[in-house]
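Colleague: Here you go, one structure.
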Amino acid sequence: METYTLIVLLLAATIRVATPLLLAAIAGLFSERSGVIALGLEGMMLGAAFASAAVAAVSGSAWLGLVAGIVTAMALALLLAYACVTHRGNQVVAGMAVNIMVAGLGPSLALAWFNLGGQTPQLEGVGQRFLALHWPGAEAARAVPLPGLLYAELLSGHNLVVYFAAVLVPISAWVLFRTRFGLRLRAVGENPSAVDTAGISVARLRYQAVLISGALCGVAGTYLSTAASSGFVRDMTAGKGYLALAALIFGKWKPYPTLGACLLFAFTDALATRLQGVALPLVGVIPVQFILALPYVLTVLLLAGFVGTAVAPKAIGVPYSKEK
Amino acid sequence: MSTPAKLPRWAELGLLPAINLLAALLLSGVIIKVIGESPWAALKLMADGAFGSQESVGYTLYYSTNFIFTGLAVAVAYHAGLFNIGGDGQAYLGGLGTGLVCLWLGSWPFWAVLPLAVIAGAVFGAAWAFIPAYLQARRGSHIVITTIMFNFIASALMTWLLVNILIKPGQQSPESREFAPNATLPGLHTLLGKIGIPFTSTPLNLAFLFALAAGVLVWVLVWRTRWGYALRVAGQNSAAAVYAGIRPSRITIQAMLLSGALAGLLGLNELMGSQHRILLDFPAGAGFVGIAVALMGRNHPVGIFFAAVLFGALMQGGSQLSFDMPRVNRDMVVVIQGLVILFCGALENVFRGPLATLLARFGGRKDAP
């Protein structure tokens, strides 16, 4: 295969891997900007992946699956908000609790309902999955060397969720930085007592932020089980929620840099798959594990202040109390 | 919302955790009911599976040993005001240390291998905790995030080591060769047999006694030494600590080193005591269960011991459950673990207020708020 074809295919794989990461990272962005640590991304995504696959399998509709995924993830988000905002519980503990609980609950319910050893049935029917959309002329354009291939592989040929994730970035940038709601949301993550003094409910804003994050995780989870694969399997998020958190931090809690971080992390993932066992000139075979660990290492380096600086929202992780 | 209500000591340490645990178990029962099995039958099966025979008690305490180590690790960090989510990674690397000693010094006598294996486990675990600790203390990087990242880095590193370097030649699955017999810990049944007490052969081994000793050590260090006092002051109020001449950043590093060392000892039980080789993902989430154990046990060694036995019983009883109930699998144990963390940790204030009101009304509390 020619080099540029290889590169274009690598970029197309990057887009597919980046989509759930980006959705979850933007979900985390809303939550963390309001001052609630987004450690429950993994659990909300996994819950949505199970619910959407289960509903799509039973109803035969991917769209109903999407609704179920969003509702499930938002219910988990509500639980998180209830623990962290209403009862001012430890946000790290709450996130871990949801992650662990859902990791067990998905396979448990799947076994009881479908009796397939903790999986949901394969989604094979028409309309059960979000399939790739082919833009007009994409197949014909493939023949034209570079621009045609770029059009066919990068612009066309993805499913609806991918395009949604792409437009989500400018939308969330606009919501967070250009609307009154966004201003208040950011303020509540930096200085909640100032927001409270202005007569705006801190709890209400944080609930809204966490619920938005739940809804987006719902889309991300649905993507995993009904678009990227055909059904739910045990632990199918495989740490993507934590990787999204890392991307959010690497993106310094800003939408466009977060997009960049997601693409970078997804690229390393796609590259690792491509480079499996391939000897490169000069360096030889690079162990796949090293490439896969790269996002985590980069995030630690960033947090350590060796690659720029990342300043978290000031009030993050601190439950708000009027009395202090 | 007001600040959390204050409870009398006995209610804080005994009643509230019991109520939270009960709530978690009730909800677990509801889930089992939804799945279509009887919660009562499940509870009986689990209790029987966990404590019904010598064999089941042995397995329960064997699982508990891991959770004592990781629970103590979380607790020590907690007293210094730190959240160590990296127990899994530290246990993974600590096990590597223990395992390497057992692999390399297989020809040495047992009494020489044992202390080195303990030291190697502690040192490797502590070393893996050191970088996040240093970054938190000197560069202000959030330790929750860095320890999570280090779990993933540990996992990648260990996969690479096992697949490429430690793997036994000519073998498919990524495992090291088996340790020599004198580089393994004796089972507790052997030890008990020597003093004339018959006990069924189980994976329960000498590491259990090490875990108990670690609990005593933590109690002495945290509550009976000057260093422990400094640790708790720094954890409660780092500004006050500075005025008392304590350096919080130094305490942060020391506490995390101890925490990592404790988690690192998991390999003693799991590898040296039971598996007798290094294999993939042997911590199996024990670092996260340690969070639940520490929360339930109120970060005190005695509480941690009982909480660890409870979670050990869940693990062992859960496998019995999945064996006997076709509609329940081992994942149900994970659900219950999650619910316990939820109710004992994140939602612990839910019952606190009502309980305080109730106790104040009926107990006639004299100290006015």
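The values are calculated or read from the model by the stated rules, or taken from the named source; none is laboratory data. Keep in mind the model is a prediction, meaning the values are calculated, not measured. Ideal geometry is used to build each Cβ from the backbone, glycine not excepted, and the neighbour counts take in all protein chains shown. What goes into the accessible areas is simple: the full protein's heavy atoms, side chains included, and nothing from ligands, DNA or RNA. Shrake-Rupley method; radii C 1.70, N 1.55, O 1.52, S 1.80 Å.
Colleague: Are there any residues in the stretch A:85-127 with a reduction of at least 50 Å² in accessible surface when going from the isolated chain to the assembly of protein chains? Probe 1.4 Å, please list them by number.
Modeller: A:HIS87, A:ARG88, A:VAL92, A:VAL93, A:MET96, A:ALA97, A:ILE100, A:MET101, A:SER108, A:LEU111, A:ALA112
Colleague: Based on the Cβ-Cβ distance of A:LEU280 and B:ILE165, what FRET efficiency does E = 1/(1 + (r/R0)^6) give at R0 = 30 Å, to the nearest 0.05?
Modeller: 0.90
Colleague: Something else: Quick check: pseudo-label points 7 Å beyond the Cα along Cα→Cβ at B:VAL216 and B:ARG361, how many nm apart are they?
Modeller: 4.6
Colleague: Dividing the convex hull volume of the alpha carbon atoms of the stretch A:3-303 by its residue count, what do you get in Å³ per residue?
Modeller: 145
Colleague: Carbon-plus-sulfur fraction of the accessible area of chain B, 1.4 Å probe, in percent?
Modeller: With neighbouring chains kept in place, the figure for chain B is 66 percent.
Colleague: Still on this structure, I have one more. Within the stretch A:147-188, whose backbone N sits under 16 Å from a point 7 Å along Cα→Cβ of A:LEU131?
Modeller: It comes to A:157-161, nothing else.
Colleague: Same structure again: Report the gain in length on full extension from B:GLU12 to B:PHE110: 0.36 nm times residue separation, minus Cα-Cα distance, nm rounded to one decimal.
Modeller: In short, 30.8 nm is gained.
Colleague: What distance in nm separates the simple spin-label points at B:ALA244 and B:ASN182, each placed 7 Å from Cα in the Cβ direction?
Modeller: Computed distance between label sites B:ALA244 and B:ASN182 equals 4.9 nm.
Colleague: Hey, another quick one. Treating only the Cα positions of the stretch B:24-170 as identical point scatterers, give the base-10 log of I(q)/I(0) from the Debye formula at each q in 0.14, 0.17, 0.20, 0.22 Å⁻¹.
Modeller: After summing over all Cα pairs, the log10 values are -0.91, -1.05, -1.15, -1.23.
Colleague: OK, next. Could you calculate the FRET efficiency of B:PHE323 with B:ILE119 from 1/(1 + (r/R0)^6), where r is the beta carbon distance between them and R0 is 41 Å, rounded to 0.05?
Modeller: With R0 = 41 Å, the Cβ-Cβ based efficiency is 0.55.
Colleague: Report Rg (one decimal) and Dmax (nearest whole number) for the stretch B:133-204, counting Cα atoms only, units Å.
Modeller: My reading of the Cα-based Rg and Dmax gives 20.1, 56 Å.
Colleague: Need one value for B:154-160: mean number of C-beta atoms belonging to other chains within 10 Å of its residues' C-beta atoms.
Modeller: 5
Colleague: Also, I was wondering about something else. What is the gain in length, in nm to one decimal, between A:LEU183 and A:LYS322 on full extension, counting 0.36 nm per residue of separation less the C-alpha to C-alpha distance?
Modeller: 48.0 nm
Colleague: Would you mind telling me the share, in percent, of accessible area of chain A contributed by carbon and sulfur at probe 1.4 angstrom?
Modeller: Accessible surface attributable to carbon and sulfur in chain A totals 68 percent.
Colleague: What are the semi-axes of the equivalent ellipsoid for the protein assembly as shown, taken as the square roots of 5 times the Cα gyration tensor eigenvalues, largest first, in whole Å?
Modeller: 39, 32, 27
Colleague: Also, I was wondering about something else. Given an 8 Å cut-off on Cα distances and at least 6 residues of separation, report the relative contact order of chain B as a percent.
Modeller: Value for chain B: 34 percent.
Colleague: Near B:LYS33, which lysines are there with a Cα under 25 Å away, not counting those fewer than 8 places off in the same chain?
Modeller: Straight-distance partners of B:LYS33: B:LYS44.
Colleague: Still on this model: Note down, for the stretch B:241-368, the three equivalent ellipsoid semi-axes (square root of 5 times each alpha carbon gyration tensor eigenvalue), biggest first, whole angstrom.
Modeller: 33, 27, 11
Colleague: Something else now. Would you please name the chymotrypsin sites (Phe, Trp or Tyr not before Pro) within the stretch B:207-250 that are DSSP coil residues with at most 10 other C-beta atoms within 10 Å of their C-beta?
Modeller: none
Colleague: Taking a 1.4 Å probe, which of A:LEU11, B:LEU26 shows the most accessible area, and what order do the others take after it?
Modeller: B:LEU26, A:LEU11
Colleague: Can you run phi through the Karplus equation (6.51, -1.76, 1.60; θ = phi - 60°) for the stretch B:38-53 and list ³J(HN,Hα) in whole Hz, with x for Gly and Pro?
Modeller: Once θ is set to phi - 60°, the couplings for the stretch B:38-53 become 7, x, 5, 4, 5, 4, 5, 4, 5, 4, 5, x, 8, 10, x, 9 Hz.
Colleague: Between B:PHE51 and A:ASP235, what's the calculated FRET efficiency when r is the beta-carbon distance and R0 is 25 Å? Round to 0.05.
Modeller: The computed FRET efficiency comes out at 0.25.
Colleague: Another question about this same structure. Using only the Cα atoms of the stretch A:74-227, build the gyration tensor, take square roots of its eigenvalues as a ≥ b ≥ c, and label the shape rounded, prolate or oblate: rounded if a/c is under 1.5, else prolate if a/b is larger than b/c, else oblate.
Modeller: In terms of gyration-tensor shape, oblate.
Colleague: Hey, got a sec? Which chymotrypsin sites (Phe, Trp or Tyr not before Pro) in the stretch A:1-72 land in a DSSP loop and have at most 15 other Cβ atoms within 10 Å?
Modeller: Nothing satisfies the criteria.
Colleague: Further question on the same structure: So how far apart, in nm, are the two label points at A:SER61 and B:TYR229 if each is 7 Å from Cα heading toward Cβ?
Modeller: Result for the modelled spin labels: 6.9 nm.
Colleague: Roughly how big is the B-A contact, given as buried accessible area in Å² (both sides, 1.4 Å probe, nearest 100)?
Modeller: 4000
Colleague: Show me, for the stretch A:85-97, the HN-Hα J-couplings you get by feeding each phi into the Karplus relation (A = 6.51, B = -1.76, C = 1.60, θ = phi - 60°), rounded to Hz, glycine and proline as x.
Modeller: Residue by residue, the stretch A:85-97 yields 9, 5, 9, 6, x, 5, 5, 5, 5, 4, x, 4, 4 Hz.
Colleague: Let me ask another. Collect residues whose amide H, placed 1.01 Å from N in the peptide plane, falls under 5 Å from the amide H of A:HIS158; neighbours closer than 5 in sequence don't count.
Modeller: A:LEU133
Colleague: Lysine pairs in chain A 8 or more apart or on different chains: how many have alpha carbons under 27 angstrom apart?
Modeller: 7
Colleague: If you stretched the chain out fully between A:ALA140 and A:VAL311, how much longer would it get, using 0.36 nm times the residue separation minus the C-alpha to C-alpha distance?
Modeller: Separation in residues times 0.36 nm, less the Cα-Cα distance, equals 56.8 nm.
Colleague: Can you compute 3J(HN,Hα) from phi for each residue in the stretch B:169-180, using the Karplus curve 6.51 cos²θ - 1.76 cosθ + 1.60 with θ = phi - 60°, rounded to whole Hz and x for Gly and Pro?
Modeller: My calculation for the stretch B:169-180 gives x, x, 10, 7, 6, x, 9, 6, 5, 6, 5, 5 Hz in order.
Colleague: Give the peptides A:128-141, A:225-238, B:283-296 in descending order of average Cβ contacts within 10 Å, highest first.
Modeller: Per-residue Cβ counts within 10 Å, averaged per peptide and sorted highest first, yield B:283-296, A:225-238, A:128-141.
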